[in-house]
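Have a look at the structure below, then the notes.
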Amino acid sequence: MEPFPSNICIVDDDADFAEFLAEYLRLRAGSCVTFNSAEELIRSGTIESYDFFVIDLGLPGIDGTDLTALIRGRSTAGILVVSGRLGPDAFNSTLAAGADMFVNKPVRLDQVTHAVSSIWRRFGEPRVRTTSWKISHDFMELTSPAQLRVALSRIESKLIRKLSEDVEASVSRADLARSSGVTGGDDHRNLDAAFFRLRRKIEREAGCPSPFRTVHGIGYQLNEVIEVLPANAGSR
């Protein structure tokens, strides 16, 4: 029998589908648990305990793309995204966030099993992350885990600094706007535009998802720890 992950987590707001799939995967895996939202999974505090995730893209609240990026920041587990959302944007954003494979719904349970097995066959060995995100002492240069550097503007520097004050907490748009000096109306469109540009810059120059995520209805939050380098170290 082919190798197969032993501890699988399914995150899908379709409770019936999630449970049917869990029962099917339990025929191969030692354990398979389900959550109906990203928030449920996060509150459980168990992300690091799973070696494989099957995630629905269209989750309520924190969606599948942001959840994938959060998981990838904390874990080297396999990630399969299953979704009815078609189009190249969904596919590209999901893979850029760190998923290993994307399959469209409707999908048969045996097809999911084959996809999980295929990913596990390729990536079942632990994928060691040798380093983490780093930022210069003045918060003007961000360095990716792959040692690629991203120069930050003054506003971008202030945004990352504010998020870094508490990696476990989400920061409201109002607080981020005040700390960074981004002006605009109550809808904070200018702030969202600044984060959009920063996210695209990091993806382009560092070749990986940004270390922060959108918290819908609130603001933004780091999904990876960023090490602040001492003044005499530089970005290395």
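The values are calculated or read from the model by the stated rules, or taken from the named source; none is laboratory data. In this text, all values refer to a predicted model and were calculated from it rather than measured experimentally. Note that each Cβ is placed from the backbone with ideal geometry, even for glycine, and that neighbours are counted across all protein chains shown.
Restricting the range 147-170 to residues that are in contact with a helix residue (DSSP H, G or I) (Cβ under 6 Å, 6 or more places away or on another chain) and surrounded by 14 or more Cβ atoms within 10 Å (Cβ to Cβ), which is farthest from Q221 (Cα to Cα)? Here the answer is V150.
Just for strands (runs of 3 or more DSSP E) wholly inside the range 142-236: which have at least 2 residues that are touching a Cys at 6+ places or on another chain (Cβ under 8 Å) and in the same structural domain as R43 (by TED's automatic domain parsing)?
Working: elements: 149-151, 212-215, 219-222, 226-228.
Output list is empty.
The set of residues from the range 33-42 being closer than 24 Å to R121 by Cα and either surrounded by fewer than 15 Cβ atoms within 10 Å (Cβ to Cβ) or of a type outside the set (S, T, N, Q) (or both) comprises just one member, V33.
Matching residues to (1) closer than 23 Å to S144 by Cα; (2) over 23 Å from the mean Cα position of the chain (by Cα); (3) free of Cβ contacts under 8 Å to residues at least 60 places away in the same chain:
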| residue | (1), (2), (3) |
| --- | --- |
| S170 | yes, no, yes |
| G181 | no, yes, yes |
| N190 | no, yes, yes |
| F196 | yes, no, yes |
| R204 | yes, no, yes |
| L222 | yes, no, yes |
| V225 | yes, no, no |
| A231 | yes, yes, no |
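Which one is modelled with the lowest pLDDT among residues in the range 195-205 that are over 16 Å from G98 (Cα atoms) and buried (at least 17 other Cβ atoms within 10 Å of the Cβ)?
To start, the set of residues in the range 195-205 that are over 16 Å from G98 (Cα atoms) comprises 195-198, 201, 205.
Subset that is buried (at least 17 other Cβ atoms within 10 Å of the Cβ): 195, 198, 201.
Numbers: F195: 92, L198: 92, K201: 88.
If we take residues in the range 195-205 being over 16 Å from G98 (Cα atoms) and buried (at least 17 other Cβ atoms within 10 Å of the Cβ), then K201 is modelled with the lowest pLDDT.
Hey, among F20, F35, which residue is touching a strand residue (DSSP E or B) at 6+ places or on another chain (Cβ under 9 Å) and among the aromatic types (F, W, Y)? F35 is the lone residue from the list that is touching a strand residue (DSSP E or B) at 6+ places or on another chain (Cβ under 9 Å) and among the aromatic types (F, W, Y). From the residues in the range 1-32 that are of a type in the set (D, E, K, R) and in a helix (DSSP H, G or I), which one is surrounded by the most Cβ atoms within 10 Å (Cβ to Cβ)? Looking at the filtered set, the residue picked out is E19.
Condition check ((1) modelled with pLDDT under 80; (2) over 18 Å from the mean Cα position of the chain (by Cα); (3) exposed (fewer than 13 other Cβ atoms within 10 Å of the Cβ); (4) under 25 Å from V228 (Cα atoms)) across all residues:
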position: I79; (1), (2), (3), (4): no, no, no, no
position: S83; (1), (2), (3), (4): no, no, no, no
position: A90; (1), (2), (3), (4): yes, no, no, no
position: G98; (1), (2), (3), (4): no, no, no, yes
position: M101; (1), (2), (3), (4): no, no, no, no
position: K105; (1), (2), (3), (4): no, yes, no, no
position: V112; (1), (2), (3), (4): no, yes, no, no
position: W120; (1), (2), (3), (4): no, yes, no, no
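When the range 206-220 is filtered for residues that are modelled with pLDDT of 80 or more and under 15 Å from the mean Cα position of the chain (by Cα), the ones remaining, listed by number, are S210, P211, F212, R213, T214, V215, Y220.
On the basis of being without any contact (Cβ under 8 Å) to a residue 60 or more places away in the chain and closer than 18 Å to F53 by Cα, does S153 make the cut? Criteria not met by S153. Residues in the range 162-178 that are of a type outside the set (A, V, I, L, M, F, W, C) and over 24 Å from I42 (Cβ atoms): R178 only.
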